[in-house]
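Working notes for the structure below.
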Amino acid sequence: MIKKPCDKCNRMLEFPDSHAGRRVECPDCGDINVLPEIAPVAAKDRAEAQGLPPDHGPEKEVMVLAPANWRAHPFLTIFTLGLATLFLWFRNLGNRLYITNKRSILRTGFFSKSTTEVLHDHVRNVQVDQSFLNRLFDVGTIGISSSGQDGIEIVAHSVPRPMEVKKTIDLYRPL
Ligand SMILES: [Zn+2]
């Protein structure tokens, strides 16, 4: 039932929900009133429903991912008796992919830092690239492309749990 006081005589008008948004005549004074639209029941935040920080409200960290070096290069690690991992660890030192409830942020470099970020609201596509071996070790490359004006792309390598990262971003972006 929709209730609204008449614009002219203030009599309480009562009409069924099916009349939402329609013009109705006041039975007392004959004034034409426009009934309000029924506000749609707010859909529960998809992320919040999964027990994650909600889409709305202050920015909160959801995931922080450091490169999984040996998992991304298991054979190289074995063949070099771990030396490659040490090298990769050093090269990727300071590389982090942060997923908050508002955006994805990729920080790369230790001595010279670079930061790229994409708002979840602008995400057009999240792509996960994994070789067979990558799937065994649950690691992969994530590409996040944005439909924003500058069409930023984030490409993060050696990301652990890439499918979970994609699912998480999908919870916060418009689908
Ligand atoms: Zn009236």
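Read-outs throughout are calculated quantities, based only on the coordinates presented, and are distinct from any laboratory measurement. Since this is a predicted model, take the numbers as computed values, not measurements. Virtual Cβ from ideal backbone geometry, glycine too; neighbours counted across all protein chains shown.
Taking N as the residue count of region 1-98, its C-alpha radius of gyration divided by 2.2 N^0.38 Å amounts to 2.44.
Counting 0.36 nm for each residue step from His56 to Leu93 and taking away their Cα separation leaves a gain of 10.1 nm.
Charge dipole (Cα centre; +1 on Lys/Arg Cβ, -1 on Asp/Glu Cβ; no other charges) of the chain amounts to roughly 600 debye. Using C-alpha pairs below 8 Å separated by at least 6 residues, the relative contact order for the chain is 16 percent.
Coupling constants for region 116-130 follow from the phi torsions by the Karplus curve (6.51 cos²θ - 1.76 cosθ + 1.60, θ = phi - 60°), and in residue order they are 10, 9, 9, 6, 4, 5, 9, 6, 9, 7, 10, 10, 10, 10, 9 Hz; glycine and proline get x.
Amide H to amide H distances under 5 Å link Val62 with Ile99, Thr100, Asn101, where only residues 5 or more positions off or on other chains count and H is placed in the peptide plane. Determine the calculated [θ] at 222 nm for the chain from helices alone, applying -39500 (n - 2.57) to every DSSP H run no shorter than 4 residues and normalising by the residue count; nearest 500 deg cm²/dmol. -5500 deg cm²/dmol, from helical runs alone. Between the alpha-carbon centres of region 106-175 and region 65-86 there is a gap of 21 Å. Here's the picture: a label point sits 7 Å out from the Cα of Phe132 along the beta-carbon direction, and within region 75-99 the residues with their amide nitrogen under 17 Å of it are 75-76. Sort the chain into rounded, prolate or oblate with this rule: let a ≥ b ≥ c be the square roots of the eigenvalues of the Cα gyration tensor; rounded if a/c is under 1.5, and if a/c is not under 1.5, prolate when a/b is larger than b/c, oblate otherwise. It comes out prolate by the Cα gyration axes. Against the main long axis of the alpha-carbon atoms of the chain, helix 162-172 sits at an angle near 20°.
With the highest mean first, a sort of the peptides 96-106, 45-55 on other beta-carbon atoms found within 10 angstrom per residue produces 96-106, 45-55.
Given H placed on each backbone N at 1.01 Å, which residues far from Asp31 in sequence or on other chains put an amide H within less than 5 Å of it? Residues meeting the criterion, in which the H sits 1.01 Å from N, are Cys26.
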